[in-house]
Amino acid sequence: MIVYNRLVVILFFISIFFTILSCNNDPVEPDAPSGKLKVDFKHLIDGHDILFDSLMYENAAGNNYLVNEIQYFISDVELINENQISIKLDDWENIHYVDTDIAESQSYIFKDEIPLGSYTGIRFIFGIDEEKNQSLSFVNPPESYMFWPDYLGGGYHYMKLNGKWLNEENQLAPYNFHLGIGQIYHSYPDSINGFVQNYFQVELKSSEFEFLNNETTTIQLIMNVNNWFTSPHIYDHNYWGGDIMQKQEAMQTAIDNGHDVFTYSTLN
């Protein structure tokens, strides 16, 4: 009985303690001031908007070419602040599909609340890394149409840049400038004994931009298409042909050239 009474007393004082503690708690602070980020995707050739399906462009190899469409993924977007600390955005929705035939895909507002202050750059993966690039991850079009055949490594294309060029016979021939997982062949084209992860990271630091409280900062992310064919390698459609999905050397040439394909500018 004595033990029971002591237990009741202890419980009584514990309940009083937590009641007092709850009454003295400070109110929950409101969310910290923050802004939003919007990215507009733009595609240029030699500084001008692309006129699709028009044979009016020439690359560094002297190929006259046209562009039908561009489709690609970027993922794992990060902002770099003035202290060189990176902030990863949309951790649970971090793969973004862009399609020149789908207007709504060319603009994206990130869900994250961005801490206020100055930022000096943006970083992202062109394509999808091996952990996320899994077959059947996308079940609906248009993303599902980007599938990369399982026997070639599976997952999804990083990019489809489709068009035509005037070949050495002066005939208009289709090219499929496609990037994705590469293959190492024991005997081409049948014996694959390894795969190459061809995604790559892009880091841009061209100008500072600010995030202000309750405001949306807009960045224009620009793909300069001719740069895929320019430096450090001159890419020649006549040499590589129209399809490069099973040509790791051709894809590596494109990836090396990808170092300066993108730039950005701030719109507000």
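Of the residues Ser118, Ser105, the single one that is surrounded by 16 or more Cβ atoms within 10 Å (Cβ to Cβ) and either in a strand (DSSP E or B) or at pLDDT 95 or above (or both) is Ser105. Within the stretch 197-228, the set of residues being surrounded by fewer than 14 Cβ atoms within 10 Å (Cβ to Cβ) and without any contact (Cβ under 8 Å) to a residue 60 or more places away in the chain comprises just one member, Ser207.
When the stretch 91-100 is filtered for residues that are in a loop (DSSP other than H, G, I, E, B) and either of a type outside the set (Phe, Trp, Tyr) or closer than 21 Å to Ile222 by Cβ (or both), the ones remaining, listed by number, are Asp91, Glu93, Asn94, Thr100.
Step by step: first the residues of the stretch 132-151, then only those that are crowded, with 16+ Cβ neighbours inside 10 Å and out of contact with any helix residue (DSSP H, G or I) (no Cβ under 6 Å at 6 or more places or on another chain), then the one that is nearest to Asp76 (Cα to Cα). Which residue is that? In this case the residue turns out to be Lys132. Glu93 satisfies every condition listed in (1) among the acidic types (Asp, Glu); (2) exposed (fewer than 13 other Cβ atoms within 10 Å of the Cβ); (3) in contact with a Gly (Cβ under 9 Å, 6 or more places away or on another chain) except (3).
Filtering Ser144, Ser135 for residues that are assigned to a loop (DSSP other than H, G, I, E, B), hydroxyl-bearing (Ser, Thr, Tyr) and in contact with a Phe, Trp or Tyr (Cβ under 9 Å, 6 or more places away or on another chain) leaves a single hit, Ser135. The residues of the stretch 231-249 that are closer than 18 Å to Ile70 by Cα and either crowded, with 21+ Cβ neighbours inside 10 Å or not charged (D, E, K, R) (or both), listed by number, are Tyr235, His237, Gly242, Ile244, Met245. Of everything in the stretch 159-216, what is of a type in the set (Val, Ile, Thr) and within 27 Å of Asn59 (Cβ to Cβ)? Give them in sequence order. Ile181, Val196, Val202, listed by residue number. Looking for something at pLDDT 95 or above, of a type outside the set (Phe, Trp, Tyr), in contact with a Gly (Cβ under 6 Å, 6 or more places away or on another chain) and surrounded by 15 or more Cβ atoms within 10 Å (Cβ to Cβ) - is there at least one such residue anywhere in the stretch 177-188? Yes, there is a match, as at least one residue in the stretch 177-188 is at pLDDT 95 or above, of a type outside the set (Phe, Trp, Tyr), in contact with a Gly (Cβ under 6 Å, 6 or more places away or on another chain) and surrounded by 15 or more Cβ atoms within 10 Å (Cβ to Cβ). Residues that are part of a strand (DSSP E or B) and polar (S, T, N, Q) were ranked within the stretch 152-176; the one that is surrounded by the fewest Cβ atoms within 10 Å (Cβ to Cβ) is Asn176. For the stretch 57-90, the set of residues classified as surrounded by 12 or more Cβ atoms within 10 Å (Cβ to Cβ), in a loop (DSSP other than H, G, I, E, B) and among the hydrophobic types (A, V, I, L, M, F, W, C) consists of Ala60, Ala61, Leu89, listed by residue number.
For Glu169, the conditions (1) among the acidic types (Asp, Glu); (2) at pLDDT below 95; (3) farther than 28 Å from Gln134 by Cβ are fulfilled apart from (2). Scan the stretch 35-56 for residues that are modelled with pLDDT of 95 or more, surrounded by fewer than 19 Cβ atoms within 10 Å (Cβ to Cβ) and not in a strand (DSSP E or B) and the total you get is 6.
The values are calculated or read from the model by the stated rules, or taken from the named source; none is laboratory data. Everything numeric in this text was worked out from a predicted model, so none of it was measured. Heads up, the Cβs are rebuilt from the backbone with ideal geometry, glycines too, and the neighbour counts pull from every protein chain shown.
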